[in-house]
Amino acid sequence: MKRAAAVVAALLGLVALIVVLALLALWASGALTVSSRAVPQPTDASSTAAPPPAPRHEVVISITGAPGTQFRVLGEVFGDTGPIDLPASGRDEARFSTGKSSGQLDLVVYVAAPIGDDAASCTVTFDGRVITQSEPVPLENTHTLACRVRSA
C-alpha cells in the first residue's frame with residue numbers, strides 16, 4: 001500500500017515537471033507571451049456617478065380675507081383639503097418645495113368670502129414670482145374666487 005502511494009506520488013511529480021518544462025519551452029520560443037495590458041474590471045452599478053439632483057423650487061400659497069372666509073386647496077401636494085376656515089388674523093400661508101417646473105404644477109385654490117368682502121385674495125408664487133390668475137366663481141351667497149396656476 002505504501003509502495004503504491006509512493007508510485008502515484010512519483011508519477012504526479014513527473015507529470016507536474018513535464019507541464020512546467022513544456023510551459024517554459026513555449027515561453028522561451030515566444031509562443032507563450034504574458035500580456036501587461038490591464039484587464040478591465042466589471043463596473044458596479046452603485047459606483048457610477050449619481051445624476052445631479054433636480055433643482056428645488058419654493059411654492060408659497062397665500063390667502064387673505066375677512067372673518068368667515070373659507071378656502072380650499074386642490075391638487076399638488078395637498079390633494080383636496082376640503083373647506084378650511086381662515087384664521088382670525090385674516091391670513092394663511094402654506095409652503096412646499098418641488099422639483100417640477102411652474103408649468104408642471106397642478107394646483108388651484110378656492111377662496112369663499114362673505115358677500116361684501118372684496119378684499120379676499122389668493123396668490124401662488126413660484127420662487128418668489130406670482131404664477132396664478134384669479135377668476136370669479138359664480139356661487140350663490142358668496143364672493144368666491146379661484147386662483148389657478150398658469151403656465152409661466
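The values are calculated or read from the model by the stated rules, or taken from the named source; none is laboratory data. The structure presented is a predicted model; accordingly, all values stated were derived computationally and were not measured. Backbone-built Cβ (ideal geometry, glycine too); neighbour counts: all protein chains shown. Each accessible area value is taken on the protein alone, full model and side chains, heavy atoms only, with ligands, DNA and RNA left out. Shrake-Rupley method; radii C 1.70, N 1.55, O 1.52, S 1.80 Å.
Taking the conditions (1) among the small types (Gly, Ala, Ser); (2) within 19 Å of the chain's Cα centre (by Cα); (3) in a strand (DSSP E or B); (4) within 14 Å of residue 149 (Cα to Cα) in turn, residue 134 satisfies each one other than (2). Residues in the stretch 74-107 that are outside any loop (DSSP other than H, G, I, E, B) and either among the charged types (D, E, K, R) or open to solvent by less than 20 Å² (accessible area, probe 1.4 Å) (or both): 80, 85, 91, 92, 93, 95, 98, 102, 107. Of everything in the stretch 117-136, what is aliphatic (A, V, I, L, M) and in contact with a Lys or Arg (Cβ under 8 Å, 6 or more places away or on another chain)? Give them in sequence order. Within the stretch 117-136, just 131 meets the criteria. Just so you know, in the stretch 59-73 the residues that are assigned to a loop (DSSP other than H, G, I, E, B) and of a type outside the set (Ser, Thr, Tyr) include one that is most open to solvent (accessible area, probe 1.4 Å), and it is 67. Just one of (1) under 13 Å from residue 132 (Cβ atoms); (2) free of Cβ contacts under 8 Å to residues at least 60 places away in the same chain fails for residue 55. It is (1). Of all the criteria given as (1) at pLDDT 90 or above; (2) open to solvent by 40 Å² or more (accessible area, probe 1.4 Å), the one not satisfied by residue 51 is (1).
Identify the residue in the stretch 110-120 that is in contact with a Gly (Cβ under 9 Å, 6 or more places away or on another chain) and surrounded by 15 or more Cβ atoms within 10 Å (Cβ to Cβ) and, among all such residues, is nearest to residue 55 (Cα to Cα). Applying the filter and picking the extreme gives 111.
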